[in-house]
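Quick notes on the structure that follows.
Just so you know, all these numbers are worked out from the coordinates, no wet-lab data involved. A quick note: this is a predicted structure, and the numbers were derived from the prediction, not measured. Virtual Cβ from ideal backbone geometry, glycine too; neighbours counted across all protein chains shown.
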Amino acid sequence: MTTETLRGTLLSIAPTKEVVGVFLILNIFAWLVVRVSQRWMASGQTTRAATPDLEKPASRGKVARVPGTWLASDFKRPTAPPYPDWDVHTSKPIPYRPFRYGPKYFVTLGLRSMKWNEWIELDNHYLKYHADKKKRLEERGDKCYGTAPEAMNGAIELLEELCEYLPERYPTMFQKTPTGIANTVTNETFNITQRPLAEDPMAMAARLVQDDLALMFERADGEYYLLAGAILLAGFWRLSDKFGMRLSEIHTSGDVPQYREKLEKGMMNFFRRLTPEEPVVRNNYFIQVDDSLAWSHSIGPEDAELVSWSTAEKNKAIENHFFRSERQSLRRLPKTGAVVFTIRTYFEPITDIVKEPFVPGRLASAIRSWGDDVSRYKGKEKYEEVLLEYLDQKHKEQVESGLDIEKEEDVRSYPL
Ligand SMILES: *[C@@H]1O[C@H](CO)[C@@H](O)[C@H](O)[C@H]1NC(C)=O
Ligand SMILES: *[C@@H]1O[C@H](CO)[C@@H](O)[C@H](O)[C@H]1NC(C)=O
């Protein structure tokens, strides 16, 4: 009942003085209840579901603050327990298979809450990624990494976070030192207290993990800008094309399907609302028609003016088809307010992943469900004939050897 209808009820009664007094108190009480519950709802923190709807527009009544300023939060990431039985030589990559059955493919941000323990995922491909990154940093220099002066404190905070988290989570490979971190497998040490740093902080951070890294900062116009990054193994995009850009420009310049219609508003709201306490993850996937993790040369040489799927060769043999997926995490650093974007790429031959139950059938269905815009973005025309024929064949073989389609839900669940 709102205050208006309550007042209406009051007016329709012919009151005595005493009754008026009682009703007045009730009226004031009702008004208070309405006000308090409005406040409560506006705070947006009342219901904390296990999987919050992260793409809802920001609730009204958020504490006003000046865009581009950040009041340091005293939030501290919970200590991470060691990854169970982790070993740099034997721990296999997590087999993300983040595709769903058709008939319809939905373009969404697809964010899930991230467990703090799982911020950075490392596995037995670490040494290969590490060597690839080292080579890229040497060969391509500041085309693939950099830190804008205004982003320096955020980048150093990222380093500090990694120097805390990695020794907690992967103690068989990392040790915290008084001035930073030591990698006991590669024998590197990193001094993050000296000034100037021996190396760009994003390049340093990139040597510690398998992920590509980017930092976004809010400026006084309320927009988020990519102002620091080490993008070394991204396959399809170059940091030098995106550095300094606004969030929306990054996506529109990359022709991300339905960005304006479906994603832009949700993403902006999401960035503005992102608190240090609530990190998120998402997964995506691509098909690549060459075996190069660092840069997919099928879409053109890395230094070409314009790179595009239109230059790729069509209908290559199935051995050239690779499944590329990314596990991305987003969190806000408490001291500087920088938003850290981690992009961990997983890369496997299609001919390997089809051995897994349900995977060829589900992947074929997913690819068929892409709309025209998504198909163009993912270069489908160049590989669909060869790939779909192959996946259908592998699916048929699985069904013939007794695959129980009904059982899939018991065996696999998104994003695996
Ligand atoms: C790191 O140092 C240890 C001990 O000195 C040595 O056995 C190992 O080969 C070194 N590893 C690398 C990658 O250099
Ligand atoms: C790290 O840098 C600081 C500041 O320059 C210096 O005092 C310290 O000796 C360095 N530590 C190591 C282990 O190199």
- Message: I'd like the trypsin sites (Lys or Arg not before Pro) in the range 343-397 restricted to DSSP loop residues with at most 11 other Cβ atoms within 10 Å, sorted by number.
- Response: 355
- Quick one: length gained pulling residue 138 to residue 411 fully straight, 0.36 nm per residue minus the C-alpha distance? 93.9 nm
- Rounded to whole Å, sorted largest first: equivalent-ellipsoid semi-axes of the range 112-411, Cα gyration tensor: 34, 23, 20
- Note on the structure: Given unit charges at Cβ for Lys, Arg (+) and Asp, Glu (-), the dipole magnitude of the range 112-411 about its Cα centre in debye, nearest 20, is 620 debye
- How high is the relative contact order of the range 112-411, in percent, counting Cα pairs under 8 Å that sit 6 or more residues apart? 17 percent
- Item | Those GluC sites (Glu not before Pro) in the range 365-401 that DSSP places in a loop and that have at most 11 other beta carbons within 10 Å | none
- When only C-alpha pairs under 8 Å and at least 6 residues apart count, what is the relative contact order of the range 175-278, in percent? 14 percent
- Cα-Cα over 19 Å, subset of 92/128; 265/378; 314/378: 265/378
- Item | Entries of 143/242; 104/262; 355/407; 133/382; 316/394 with Cα pairs more than 21 Å apart | 133/382
- Query: Rounded if a/c is under 1.5, else prolate if a/b is larger than b/c, else oblate: which is the range 294-416, with a ≥ b ≥ c the root eigenvalues of its Cα gyration tensor?
  - Reply: oblate
- Item | Segment residue 385-residue 351, extension gain: residue separation times 0.36 nm, minus the distance between their alpha carbons | 10.7 nm
